[in-house]
1. Name the residues in the range 35-52 that are surrounded by fewer than 17 Cβ atoms within 10 Å (Cβ to Cβ) and either out of contact with any Phe, Trp or Tyr (no Cβ under 9 Å at 6 or more places or on another chain) or not in a helix (DSSP H, G or I) (or both), would you?
2. Among the residues of the range 80-90, are any touching a residue at least 24 places away in the same chain (Cβ under 8 Å) and either of a type in the set (Ser, Thr, Tyr) or in the same structural domain as GLN41 (by TED's automatic domain parsing) (or both)?
3. State the number of residues belonging to the range 63-102 that are surrounded by 10 or more Cβ atoms within 10 Å (Cβ to Cβ) and modelled with pLDDT under 85.
4. So, of the residues in the range 1-34 that are in a strand (DSSP E or B) and of a type in the set (A, V, I, L, M, F, W, C), which turns out to be surrounded by the most Cβ atoms within 10 Å (Cβ to Cβ)?
5. Residues that are touching a Leu at 6+ places or on another chain (Cβ under 9 Å) and outside any loop (DSSP other than H, G, I, E, B): does the range 67-88 have at least one?
Amino acid sequence: MKNSKEEFVEKYVNMPHAIQIKEDSGGFVVTIPDLPGCISQGDSIEEAYEMIMDAKRGWIEVALDESYPISEPSEEKKFSGKILLRIPKKLHADLVKNAQRENVSLNQYLLYLLTKRFAVELHIHHTNRCDIQKVIVDNTGSYKREMLPGYSNE
């Protein structure tokens with residue numbers, strides 16, 4: 001029979017906190033942004049996932065012992081899809097020239113550059129099952145997420 005501390009730890013360990021993973025020097029660094037300082041690493045995505053889940057459990061246990069607040073998973077915010085961005089005039093001119101050379105609008109070109117950079121990062125969302133996704137960017141800046149084969153926890 002579990003005591004109340006173990007039940008509390010299990011409750012928080014099983015919450016769907018977002019996990020971020022980044023490739024780094026031949027391995028992977030993983031963090032849980034909602035749990036400051038909860039970080040780990042692994043040589044493979046699978047190992048990194050196992051390590052961050054172990055780190056999450058340890059983080060929650062220490063937070064509980066130290067009466068440190070434990071965040072529930074943050075809710076995804078709603079965004080309009082519009083931003084106002086101030087950039088140097090020279091950069092603006094260069095971006096317009098590159099967009100024209102590619103025969104696309106400045107908006108499409110900026111979207112392509114941003115999504116291309118974003119695609120470098122992998123994001124894992126731990127829900128009741130582990131979904132590891134990669135981001136695929138096409139030459140128009142459109143992107144889609146696709147499950148990586150063999151990385152499901154079902």
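1. Going residue by residue through the range 35-52, those that are surrounded by fewer than 17 Cβ atoms within 10 Å (Cβ to Cβ) are 36-37, 39, 43-44, 46-47, 50.
Listed by number, the residues that qualify are PRO36, GLY37, ILE39, ASP43, SER44, GLU50.
2. Residues of the range 80-90 that are touching a residue at least 24 places away in the same chain (Cβ under 8 Å), as a first pass: none.
No; the residues of the range 80-90 include none that is touching a residue at least 24 places away in the same chain (Cβ under 8 Å) and either of a type in the set (Ser, Thr, Tyr) or in the same structural domain as GLN41 (by TED's automatic domain parsing) (or both).
3. Final tally of qualifying residues: 4.
4. The initial filter retains those residues of the range 1-34 that are in a strand (DSSP E or B), namely 18-24, 27-31.
Then drop every residue that is not of a type in the set (A, V, I, L, M, F, W, C), which leaves 18-19, 21, 28-30.
Details: ALA18: 16, ILE19: 25, ILE21: 21, PHE28: 23, VAL29: 16, VAL30: 27.
Going through the qualifying residues, I end up with VAL30.
5. Step one: of the range 67-88, the residues touching a Leu at 6+ places or on another chain (Cβ under 9 Å) are 70-71, 85, 87.
Now drop any that are not outside any loop (DSSP other than H, G, I, E, B), which leaves none.
No, because not a single residue in the range 67-88 is touching a Leu at 6+ places or on another chain (Cβ under 9 Å) and outside any loop (DSSP other than H, G, I, E, B).
The values are calculated or read from the model by the stated rules, or taken from the named source; none is laboratory data. Treat the numbers as computed from the prediction; the structure is a model and nothing was measured. Note that we place each Cβ from the backbone using ideal geometry, even for glycine, and neighbour counts take in every protein chain shown.
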